[in-house]
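Report on the following structure.
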Amino acid sequence: MSSPSTAQPADAASSASTVITNIAALVTNDPSLSDRSPVGVIQDAAVVMEGDRVVWTGGRSKAPATDNRVDAGGRAVLPGFVDSHSHLLFAGDRTEEFSARMSGRSYTAGGIRTTVAATRAARDEDLERTLTRHLTEALRQGTTTLETKSGYGLTVEDEARALRLAARHTEEVTYLGAHVTPPEHAGDPAAYVALVTGPMLDACAPYARWIDVFCEEGAFDGDQARAVLTAGRERGLHPRVHANQLSYGPGVRLAVELDAASADHCTHLTDADVDALANSRTVATLLPGVEFSTRAQWPDARRLLDAGATVALATDCNPGSSFTSSVPFCVALAVRDMGMTPDEAVWSVTAGGAAALRRTDIGRLVPGAYADLVLLDAPSHVHLAYRPGVPLVAGVWRRGVRVV
């Protein structure tokens, strides 16, 4: 493959049109545009951007004239990755916990409290610096849309400041006051649920789009989770659920009942759970970095896909159980250990992640979608799984501007 070249300066005017041409394989996620596969690959392709949107895709010989031209050098281009689950507002380090776990200690939700203590003690500028560092790290690896949550403050003031800081950097912000019960409420979880659904919700709702709850043994039971999600929905926040990560439980079916955008983790599923997901709009978001980092049971993506459920993949980047911001790494894990094909895994980190955020303007390269693109130093998107651990992202455009 030849080296990519461009006649377009990095700060080109947003109204200019640009064609990326000489693309070996263009992933559009629109089966009608190409080979009828879910990822909709166009061979020997081009894509045209104008302003912040895609305006044309097709064979390169048919590409319209544009103001600027980028030669992809026979490389693959695919939609920017959509990471629909992360926890980036935190302070502190849990290296010792990870080392202990790798020596045989099992993971429990209690480790979250270690991060809570450090986060409460951190200054705003330190939290924001950590957030922006990991956002930049993710962008360099192809992530152009990223959801992130609160959940490491667990007081009215600390949850609100986390969301306020997050909202400066991403539009996909989730209120997770119901992460675990903090130490000061350990003897009265009902009082903490009342705080989460009352004063804390009042302070946090203006900064968030979503509300989430960790429905799990050691965190919140089904009744508590329902109370949290219902209160959030009444304030205009849409539900998401940490569901069925550590054990079988009510999380998945509660997510489906409340039309949650996603049920995340989905490791321990009954047949009824799988059927519920398959017959709903709720996306099963799988987080393979967690299983890698905790040596836990892998989610069975093949079972969900064969049942007809919509599956997304995300990093769950957090300091305790999945400290990775690399979507390509998660693609490789899903293909190797969760029964997904390379096409399914790539769809799940693009269009699947968009579905988990109830978005149609990202995760695909079709006219009208945002011009969020990833250029791989490879001739096919399959190389994301075929060459695990190799830094293949050679370029990233976000909203039509080359940022990497």
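Brief remarks on what is shown
- The stretch 60-77 - phi-based ³J(HN,Hα) in whole Hz, Karplus 6.51/-1.76/1.60, Gly and Pro as x: 5, 5, 9, 5, x, 5, 9, 6, 9, 9, 10, 8, 6, x, x, 9, 8, 10
- Amide H contacts of ARG53: ALA371, each under 5 Å away and 5 or more positions distant or on a separate chain (H built 1.01 Å from N in the peptide plane; Pro and chain starts excluded).
- Additional length obtainable on full extension of the chain from ASP126 to ALA191, 0.36 nm per residue less Cα span: 20.4 nm
- Extension reserve of the THR360-ASP202 stretch, reckoned as 0.36 nm per residue once the Cα distance is removed: 53.9 nm
- Heavy atoms of the protein chains alone define the surface here; on that basis the stretch 52-91 has 33 Å² accessible area per residue at 1.4 Å probe size.
- Accessible heavy-atom area order of THR114, THR315, highest first, probe of 1.4 Å: THR114, THR315
- The stretch 311-336-the stretch 179-195 distance, computed between alpha-carbon centres (Å): 30
- Solvent-accessible area, 1.4 Å probe, carbon plus sulfur percent, for the chain: 50
- Amide proton proximity set for ILE211, modelled H, under 5 Å, gap of 5+: TYR175, HIS238, ARG240
- Taking label points 7 Å from Cα along the Cα-to-Cβ direction, ALA118 and GLU217 give a separation of 2.8 nm.
- Probe 1.4 Å - accessible area at TYR152, Å² to nearest ten: 10
- Solvent-accessible surface of the stretch 140-200, taken per residue with a 1.4 Å probe and all protein chains present: 31 Å².
- Whole-number accessible area per residue in Å² for the stretch 248-404, which is evaluated in the context of all protein chains at 1.4 Å: 33
- Residues GLU234, GLU184 ordered from highest to lowest accessible area at a 1.4 Å probe: GLU234, GLU184.
- Value of [θ]222 nm, deg cm²/dmol, for the chain, DSSP H segments ≥ 4, -39500 (n - 2.57) each, nearest 500: -9000 deg cm²/dmol
- Label-to-label distance, nm, for residues given as ARG53 and VAL403 (7 Å Cα→Cβ offset): 2.0
- Centre-to-centre separation between the Cα atoms of the stretch 150-177 and those of the stretch 48-123: 18 Å.
- Bridges between two residues of the stretch 209-363, per DSSP, are antiparallel at a rate of about 5%.
- Placing unit charges on the Cβ atoms only, positive for Lys and Arg and negative for Asp and Glu, gives the chain a dipole magnitude near 860 debye about its Cα centre.
The values are calculated or read from the model by the stated rules, or taken from the named source; none is laboratory data. A quick note: this is a predicted structure, and the numbers were derived from the prediction, not measured. Positions of Cβ are backbone-derived with ideal geometry, glycine not excepted, and every protein chain shown enters the neighbour counts. Ligands, DNA and RNA are excluded from the accessible area calculation, which covers all protein heavy atoms including side chains. Shrake-Rupley method; radii C 1.70, N 1.55, O 1.52, S 1.80 Å.
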